[in-house]
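To keep things clear, I will list the structure first and then write my remarks on it.
The values are calculated or read from the model by the stated rules, or taken from the named source; none is laboratory data. Given the structure is predicted, the values throughout are model-derived calculations rather than measurements. As a convention, Cβ positions derive from the backbone with ideal geometry for all residues, glycine included, and neighbour counts pool all protein chains shown.
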Amino acid sequence: MRPAQRPGDDAPRTNRVHHVPAGELDGPTAISGSTVGSRKLWMGLVVNPPSSATDNHHHGDSEAGIYVVSGHPVFVYHDGTREVRLPGSPGDFFLVPPFVPHREENPDPDEPAVVVIARTTQEPVKVPVPELYRLGETDPR
């Protein structure tokens, strides 16, 4: 997906501001190397359906910044002793450091949870893990 031509589109992709209108999104990705030529950033809109959960995963060496647009997602990770559950609300921000196993849940049976995610890679990286564990412990695989 590449945004429609606009004034200035003949300029190199790295020396101008890019605008990706909501109506031109192709799936969740808004900003990536393939959409606007970003080099170190992936950004997109993610909708977690009611009563859903992702698998346990990490994002490799990428940091992930998350902004809650609507709904009440729960971010789950392991502190070495127990699972920690961090509930979110609209307007909240979260940071997931590189390689930290986690999952996102939406326990609400009626309302989707909508978040904007930014990662420090051009494209989304999602590495499944069999269970949550504290970063620095031996990978249980």
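The set of residues in the stretch 111-141 that are at pLDDT below 95, over 10 Å from the mean Cα position of the chain (by Cα), assigned to a strand (DSSP E or B) and surrounded by 13 or more Cβ atoms within 10 Å (Cβ to Cβ) contains only L135. Please verify whether T120 is of a type in the set (S, T, N, Q) and over 30 Å from A22 (Cβ atoms), treating the condition exactly as stated. Considered against the rule, which asks whether it is of a type in the set (S, T, N, Q) and over 30 Å from A22 (Cβ atoms), T120 comes out as no.
Evaluated against (1) touching a Pro at 6+ places or on another chain (Cβ under 8 Å); (2) farther than 17 Å from L41 by Cα; (3) crowded, with 18+ Cβ neighbours inside 10 Å, S62 falls short on exactly one condition, (2). Scanning the stretch 21-34 for residues that are over 10 Å from R119 (Cα atoms) and assigned to a loop (DSSP other than H, G, I, E, B) turns up P21, L25, G27, P28.
The residues in the stretch 83-97 that are of a type in the set (A, V, I, L, M, F, W, C) and not in a strand (DSSP E or B) can be counted, and the count is 0. Being in contact (Cβ under 8 Å) with a residue 24 or more places away in the chain and not in a strand (DSSP E or B) is a description that applies to V100.
Which residue is surrounded by the fewest Cβ atoms within 10 Å (Cβ to Cβ), if the candidates are limited to the stretch 71-103 and must be of a type in the set (V, I, T) and within 13 Å of H59 (Cα to Cα)?
Per the stated criteria, the residue is V100.
Out of all the residues in the stretch 88-102, is one or more in contact with an Asp or Glu (Cβ under 9 Å, 6 or more places away or on another chain), of a type in the set (A, V, I, L, M) and over 29 Å from G37 (Cβ atoms)? Within the stretch 88-102, none of the residues are in contact with an Asp or Glu (Cβ under 9 Å, 6 or more places away or on another chain), of a type in the set (A, V, I, L, M) and over 29 Å from G37 (Cβ atoms). Sort out which residues of the stretch 70-104 are within 20 Å of R119 (Cα to Cα) and of a type in the set (A, V, I, L, M, F, W, C), and write them in order of number. Hits for the stretch 70-104 are V74, F75, V76, L86, F93, F94, L95, V96, F99, V100.
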